[in-house]
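Taking it in order: structure first as structure tokens, then the write-up.
The values are calculated or read from the model by the stated rules, or taken from the named source; none is laboratory data. Remember, it's a predicted structure, so these values are computed and weren't measured experimentally. Cβ atoms come from the backbone with ideal geometry, glycine included; neighbour counts cover every protein chain shown. Note: areas computed on protein heavy atoms with side chains; ligands, DNA, RNA excluded. Shrake-Rupley method; radii C 1.70, N 1.55, O 1.52, S 1.80 Å.
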Amino acid sequence: MRRLLFWAAVVTLVGALGAETARGAVEACTCASSRATNGWCPVHQFGYIGGVKVASRWLYEFADAHGHQLDLSTFTCPACRTAIATNGFCETHHLGFVDKMAYYSRLTYELGKAEPRPEGTIACAPCRKNAESYGWCAKSAVGMVGPFAIRDRQEYDRAVAALTIFVAANEASRRCNYCAGAIMTNSECPACRITYKDGKAVARNP
């Protein structure tokens, strides 16, 4: 099932990128706001997810920074149905739901529930420092993952674990985007035949 989801996401991604190229519209630089919004600058060709700079447009789209609207009536998996109703996450299909929007990665699902905190709006000095990467502030009882505040400690811990995997995927994208996708989904890269789990290579298949 995960392999099917992987390739479905690849097909969707290629179509989206192709449509964007075909439009050929003149875009404005969004560098100033990209980090705070999990955005992508079409002029300088990089973006951010969870405060991490991403140079691969493929990985940026694959990580699904802003979620998708899907026909939720088509979901038959009981765990997915529960997740849709509760803003939860289906571990079987690696899908999270926030306000009826579907997110294809654990990291962007957790960030979808978080509170964006633009630069200059954070009064707490430790929180400002944490927003440079990530960290939990005991004084304010809030965790920062980049510019996103998470007040539930368990949700924060899950977001940091997902961020660690995303950082590994981001590094892998420099040599192979499919490996980056496989890292994100605990699956096998269809090009390199390397299987990943929890951000690490566990097998190389012939």
Farthest toward positive dipole pole in the chain [+1 Lys/Arg, -1 Asp/Glu at C-beta], among PRO206, ALA102, SER133: PRO206
In nm, spacing of pseudo-spin labels at LYS197 and THR92 (7 Å Cα→C-beta vector): 2.0 nm
Largest to smallest accessible area among THR76, THR86 [probe 1.4 Å]: THR76, THR86
Förster-model FRET efficiency, 25 Å R0, ARG151 and LYS53, C-beta, rounded to 0.05: 0.45
Per residue accessible area in Å² of the chain, where ligands, DNA and RNA are left out and the probe is 1.4 Å: 53 Å²
Reference-scaled alpha-carbon Rg (2.2 N^0.38 Å with N residues) for the stretch 114-206: 1.33
Segment GLN69-THR164, length gained on full extension (0.36 nm per residue, minus Cα span): 31.5 nm
Candidate residues ASP64, ASP152: accessible-area rank, largest first, probe 1.4 Å: ASP152, ASP64
Protein accessible area in the stretch 53-206, 1.4 Å probe - carbon and sulfur %: 51 percent
Estimated Rh, the chain: Kirkwood, alpha-carbon pairs, angstrom: 17.7 Å
Dipole magnitude of the chain, debye to nearest 20 (Cβ charges: Lys/Arg +1, Asp/Glu -1, about Cα centre): 440 debye
